[in-house]
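Only the coordinates and a few stated rules stand behind these numbers; no lab work does. This one's a predicted model, so the numbers in the text were calculated from it and none came from an experiment. In this analysis, Cβ positions are derived from the backbone assuming ideal geometry, glycine residues included, and neighbour counts consider all displayed protein chains.
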Amino acid sequence: MNGFLTCLRLIAVLAPFIGGGCGQGEDRYPLAERMSAFEVEWAKEFPSESSRERALQELDQASLAFLRGDLESAAQQLDLARLTLSARQKDPGYLWGASLQLRLHSRLLDAAADSVAFTLEQKYPVELNSKPSLRVEIQLRHFPSQAEFNQSFPWNGRLPFRRELAFQLLSQKKELQEGDWQLQCTLRAGNEIWARQQRTLSVAHRLYERLQALEEQLGAPSPDQVPSLEQETAGHLLARLQSLQGGEALEVDYPAVVMLRQAEAALQKASAGEPFFGQRRSGSFYLRVPTGSGLRAPVRMYVPALKAGESSRPMVVFLHGAGGSENWAFEGFDRGALLRACKERRWFLLATRSPGFGAPPPLEGILAELRRRYALDPDRVFLIGHSMGAMHVASLLSSMKLPVRAAAMIAGAGVPQERSKPSAPLPLFLATAEKDFARAAVERVAKLLGDRADLQLQYRLYPRLEHLQVVPAAFPDILSLFADTIKN
């Protein structure tokens, strides 16, 4: 019973945080940023095995802090894990620099704006024995701005967009070029770089006019011929754009100008009774899918282009863990390793958002709607779930009428109902890690499922990894299993 007790304790820890996620976007953005920085260091060749071991201990503590809602400690543990890999964890200056957080007061600006306000403040307290001379450098493309920084928080400043090109731009009445740009903040102590952060800052022409036009179109009664996917997605994108304009971080960097243009084009097509989203538009999309049951499901989706003679492609569905979102499959786990793999194979990738701990997303309704638009093969649908998402995989395998070709549960598990008289055993990949806090529960489920005639179980224990790093480590084995089922 030890495995089940571990699982029950895990549920008790997670339950308070699932509905709205562990923190809001402005709180979660620094964690996603820090996890990405950790993965960059982890991928390098020089970290020793001992430093990797210590870093994984810090990472495990970060996971537990996140799940109990202590985001400040989670951020600090992630920084310590990264600095441990680079052998800088003993220098308080680097941790002090890592503790700083750059917050833009707006992520989406009108091109006529002459400045953007920002705040630089500490995410968690770090003591320094001395007060070094520090310099903060802010750069947007090639518009640099420097300021002396004297260790007082919060520190406010403004970045002049037109500092170097003021005469040329203003005299000719030109505006900034529309687009999604990178703003970089560098903290220097003498010649050493203590910290560096980047933010996406989007600039749009006639921003207020265009947002108002979207609101008016969405507020107007929709004629019967307007495709609901366009209407729903445009409303979803508009809400994101308004949040970015107000400075909300929203967990990851969003390409706001791309989203603005897609919302406008979707409503333009919808007003003419034509679809905008469909197989002829390949690439990555933020969608909100009507499911037919009254639920509207936000998802991210990668759409591969079809080659001549192809009628459909396989689809991988990723279900995130507790406190996560649809962004994890695209931005997280080795900086989007699953997305890169699906692009290489030209497979669809669908990442859903869980409505809560006990309930999986309405996947059957989502796929039914998407099949009307996209060339996804209903006989080649694969499920991957991490942590809480693994439990959702088990639930979906028990309830979905749509056939699933194969499935994987990583660092979490559930027991799907036994299928009566299956045509063939379902390939099921079950993975955990040596240092995964959910390991006991996963091992218990593996024993329960090992003798099931309706399942073809593959169990894998990944050495020296923990609850998060096991996910990208398992992806190659999982996708290889999926590819084998297609060949067979």
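Here are some notes:
- Spacing of the two label points (7 Å from each Cα toward its C-beta) at Met400 and Gln456, in nm: 1.7
- Label-to-label distance, nm, for residues given as Arg371 and Glu344 (7 Å Cα→Cβ offset): 3.0
- For Lys487, the aspartates and glutamates whose Cα falls under 14 Å of its own Cα, not counting residues fewer than eight places away in the same chain, are Asp379.
- For the pair Ser293 and Glu49 in one chain, pulling the backbone fully straight at 0.36 nm per residue adds 82.7 nm over the alpha carbon distance.
- ³J(HN,Hα) computed for each position of the stretch 280-291 - Karplus, 6.51 cos²θ - 1.76 cosθ + 1.60, integer Hz, glycine/proline x: 6, 10, 8, x, 9, 9, 9, 10, 10, 9, x, 9
- Gained length - Glu310 relative to Asp70, 0.36 nm times residue gap less alpha-carbon distance: 81.5 nm
- Per-residue Karplus couplings for the stretch 91-100, computed as 6.51 cos²θ - 1.76 cosθ + 1.60 with θ equal to phi - 60°, are listed in order as 9, x, x, 5, 5, 4, x, 5, 6, 6 Hz, Gly and Pro entered as x.
- Rounded FRET efficiency, nearest 0.05, which uses the C-beta distance separating Arg419 from Ala359 and R0 of 30 Å: 0.90
- Inter-probe distance in nm under a simple model that places probes 7 Å from Cα toward Cβ, at Ser271 and Gln198: 3.7
- With a Förster radius of 35 Å applied to the C-beta separation of Arg464 and Ser284, the computed FRET efficiency comes to 0.60.
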